[in-house]
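Here's the structure we're looking at; comments come further down.
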Amino acid sequence: MATDIQHLPSHATSDEISAAIDADGAVIVDELVGHDVMDRVGHEMAPFIEATKGSGDDFGGHLTQRTGGLIARSETSRELLMHPTALGTVNNVLAHAKRCQIHLTQVISISPGETAQDIHRDQWAFDFFPFPNGFEAQCNTIWAMTDFTEENGATRVVPGSHRGEDRQRFSQSDSVPAEMAKGSVLFYTGSVYHGGGANRSDEVRQGLNLTYNVGWLRQEENQYLSVPFEVARTLDDDLLELMGYAMGAYALGYVDDLRNPLDVLRQSTGETSLGGGVIREGTTR
Ligand SMILES: O=C(O)CCC(=O)C(=O)O
Ligand SMILES: [Fe+2]
């Protein structure tokens, strides 16, 4: 029988949260934000969620909608991405990297009747690269936009499995549900085994998955194309840097003649430079 996921109060420090993550691979911080914040995200995202089809495969979930592009579509999500407790925790967990960045932003809506997702490690997205045991490539959050209950499909976690062998197969009974009230947040590493739960209720379970990884890996959601340039230009530098408009390490991510991507974005006028000259978008040389 798996042990339960620890809960910490909303005033917990990032150090306390990252210590719990180090011990178990996951932790819940109860009611870190109010219902109004979650409702604002829900409201801003409603038309996009409405238009999102089911994932179309077994892993993504046929009765699960995954709606991304949050930075462009939901101003409130930007605050959550930069939430000091969340970001402080992420920076602790990924402190070994020169920089961390946003990996993906996604509202996950699990409809009644959905079956449980296979228990997995999120870091398998990196083409199953076998990261050394104890090395964290990513740090994730799922914010509860509705209450998360075992019945409605709360994320299921195998606490402690972040230090286990890679490519393990766990059954649902090895895992415990991350039950939490709306406004709470589940932190979990890329290495801890987990999965979306089966929804046996008659309501949609909705979670806001905001994940972060080390700056030298590829991002799961392409932030440069998910957030149009004209929106990106209106964002603060610290959010842009977190999106990837920064050097991921000494020489990673520069633009042409070793220019910093943030400088290029700030200086750009919708034109693309090429070979020392400047061409307009949509034209050829
Ligand atoms: O929706 C959830 O509770 C978790 C989903 C998940 O783990 C995933 O899509 O990788
Ligand atoms: Fe996952």
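The numbers here are math on the coordinates, done by the rules we state, and not lab data. On a predicted model such as this, the values are computed, not experimentally measured, just so you know. FYI the Cβ positions are ideal-geometry reconstructions off the backbone, even for glycines, and counts take in every protein chain you see.
With a point put 7 Å past each Cα toward its Cβ, work out how far LEU225 is from HIS43 in nm, to one decimal. For LEU225 paired with HIS43, the spin-label model returns 3.3 nm. Couplings 3J(HN,Hα) of the range 68-78, computed from phi: x, x, 4, 5, 6, 9, 9, 4, 5, 5, 5 Hz, in residue order, whole Hz [Karplus 6.51 cos²θ - 1.76 cosθ + 1.60, θ = phi - 60°; x for Gly and Pro].
In percent, rounded to a whole number, the relative contact order of the range 7-221 is 31, using alpha-carbon pairs under 8 Å and six or more apart. Per-residue 3J(HN,Hα) values for the range 12-24, derived from phi via the Karplus relation 6.51 cos²θ - 1.76 cosθ + 1.60 with θ = phi - 60°, read 4, 7, 4, 5, 5, 5, 5, 5, 5, 5, 4, 6, 10 Hz in sequence order (x marks Gly and Pro).
Beta bridges assigned by DSSP with both partners in the chain are antiparallel in approximately 95 percent of cases. With a Förster radius of 30 Å applied to the beta-carbon distance between GLN6 and SER173, the computed FRET efficiency rounds to 0.90.
By how many degrees, 0 to 90 and rounded to 10, does the Cα axis of helix 35-50 deviate from the longest principal axis of the chain? Once rounded, the angle reads 70 degrees. Distance between the 7 Å Cα→Cβ label points at ASP236 and VAL255: 2.2 nm. Against the chain, whose longest principal axis comes from its Cα atoms, helix 84-93 is set at around 90 degrees. Under 5 Å between amide hydrogens, built in the peptide plane, is the criterion, and for LEU8 it picks out ILE28, VAL29, ASP30 among residues at least 5 positions away or on other chains.
In this simple spin-label model, placing a label point 7 Å from the Cα along the Cα-to-Cβ direction at both ASP36 and ALA95 gives a separation of 3.5 nm. Gain on full extension, evaluated as 0.36 nm per residue between GLN267 and PHE59 minus their Cα-Cα distance, stands at 70.7 nm. The calculated FRET efficiency for the pair GLU150 and ALA23, based on their C-beta separation and a Förster distance of 22 Å, comes to about 0.45.
For the chain, a simple Cβ point-charge model (Lys and Arg +1, Asp and Glu -1, everything else neutral) yields a dipole of about 780 debye relative to the Cα centre.
3J(HN,Hα) along the range 113-126: x, 5, 8, 5, 6, 4, 6, 8, 9, 5, 5, 5, 4, 7 Hz, from the Karplus curve 6.51 cos²θ - 1.76 cosθ + 1.60 with θ = phi - 60°, whole Hz, x for Gly and Pro. Post the alpha-carbon centroid distance, the range 190-211 to the range 46-99, in whole angstrom. The range 190-211 and the range 46-99 have Cα centres spaced 12 Å from each other. DSSP beta bridges fully contained in the range 1-116 are about 75 percent antiparallel.
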